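All remarks here apply to the structure that follows.
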Ligand SMILES: NC(=O)c1ccc[n+]([C@@H]2O[C@H](COP(=O)([O-])OP(=O)(O)OC[C@H]3O[C@@H](n4cnc5c(N)ncnc54)[C@H](O)[C@@H]3O)[C@@H](O)[C@H]2O)c1
């Protein structure tokens with residue numbers, strides 16, 4: 001039975017990944033190492049918490065002793081590192097925490113893995129398109145894996161630093177790792193501080209919907225289940241030492257996303273909700289204007305393609321928040 005050590009598995013993408021893997025691979029065991037920050041939610045894994053193939057270890061990835069104990073106890077074949085401070089807005093106020101978790105935490109995990117790993121093991125680092133910075137408006141230009149790193153906020157700086165560290169380990173020590181850089185994920189179980197659930201919540205309550213600047217910043221959106229299927233293929237077929245971008249060609253401005261949420265909430269939950277709730281506030285420092293991912297490498301080399309239609313996945317996500325959001329905030 002293959003053992004996968006997942007870090008940050010009570011967060012948004014980690015919890016979706018654990019459920020995806022348990023559903024699609026009967027013969028695996030998952031160890032979830034999570035220190036349960038504000039971003040974790042135990043309800044994210046309620047459906048599988050009694051699954052015998054799942055174990056939870058409350059531990060911090062920056063704690064060398066705990067990390068070593070967990071490696072010794074479970075001898076994981078694969079590590080997928082999702083654990084991170086992930087909120088850009090928070091990173092301006094407390095950059096030290098982002099460096100501690102995202103950089104030192106990754107270094108601690110990697111150095112420990114190095115002691116236990118051989119060539120058949122694999123370390124997958126969940127990184128982000130934010131490490132590439134921003135793009136001009138020209139739609140023909142996208143981030144490829146060769147785009148130089150140009151992080152523009154403390155969050156992306158910490159993620160880029162972890163990537164660079166890992167790349168040096170791969171080159172110098174032949175450490176068996178792969179880096180995956182995904183665009184903006186959306187879907188079930190995302191923390192309320194992120195754009196889609198936050199706007200959904202405000203729209204339901206007729207609260208102000210606060211928008212940075214003119215809201216015309218563009219993001220590339222991927223349904224979280226597609227990210228999980230991409231990671232699954234990377235685990236199976238990815239080449240050691242490579243970087244793979246994950247995206248699904250859904251560029252939308254923040255205002256386009258907000259309009260879709262407002263329309264859904266008005267039709268289904270709160271008739272009083274309208275775009276009049278939108279209040280434009282100061283742009284955050286160095287707000288990046290456009291992100292767009294070129295995912296040609298993972299598609300052509302590993303045969304991955306996103307399976308979901310954006311509109312259907314968005315509708316499914318709205319329905320999920322309608323059923324779950326209030327219940328989960330308690
Ligand atoms: N959400 C996105 O759109 C997106 C896009 C690209 C990449 N990523 C990356 O994917 C990963 C997961 O993102 P997310 O949105 O699911 O994050 P999240 O904030 O929802 O969850 C993070 C999880 O990590 C745990 N954690 C934080 N610090 C920890 C520590 N020191 N030790 C152990 N556990 C710790 C938290 O308790 C939480 O469960 C992150 O590395 C993020 O940079 C996210």
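No lab work stands behind these numbers, since they all come straight from the coordinates. As the structure is a computational prediction, the values presented were derived from the model and not from experiment. Using ideal geometry, Cβ is built from the backbone for each residue, glycine included, and neighbour counts are taken over all protein chains shown.
Compared with the dominant Cα axis of the chain, that is its longest principal axis, helix 254-268 is turned about 70°. In this simple spin-label approximation, residue 323 and residue 58 carry label points 7 Å from Cα along the Cα→Cβ vector, and these lie 2.9 nm apart. Compared with the dominant Cα axis of the chain, that is its longest principal axis, helix 154-173 is turned about 20°. For segment 74-103 versus segment 1-23, the spacing of their alpha-carbon centroids is 16 Å. Placing pseudo-labels 7 Å out from each Cα toward the beta carbon at residue 240 and residue 272 gives an inter-label distance of 6.2 nm.
Label separation (residue 68 vs residue 214): 5.6 nm, computed from points 7 Å beyond Cα along the C-beta direction. By the beta-carbon count within 10 Å of each Cβ, the least crowded to most crowded order of 80, 262, fewest first, is 262, 80. Most simply put, the chain has about 5% antiparallel DSSP beta bridges, counting only bridges with both residues inside it.
Computed over all pairs of different Cα atoms, the Kirkwood value for the hydrodynamic radius of the chain is 20.3 Å. Which of 155, 20, 38 moves most in a GNM of the chain, Cα contacts under 10 Å? Looking only at 155, 20, 38, the biggest GNM fluctuation is shown by 38.
Residues 128, 299, arranged from fewest to most other Cβ atoms within 10 angstrom of their Cβ, appear as 299, 128. Radius of gyration over Kirkwood radius for segment 125-185, both on Cα atoms: the Rg/Rh ratio is 1.00. Taking other Cβ atoms within 10 Å as a rough exposure proxy, 167, 109 sort from fewest to most as 167, 109. Return one number: the angle in degrees, 0 to 90 and rounded to the nearest 10, between the long axis of the Cα atoms of helix 64-74 and the longest principal axis of the Cα atoms of the chain. Between helix and principal axis, roughly 70 degrees.
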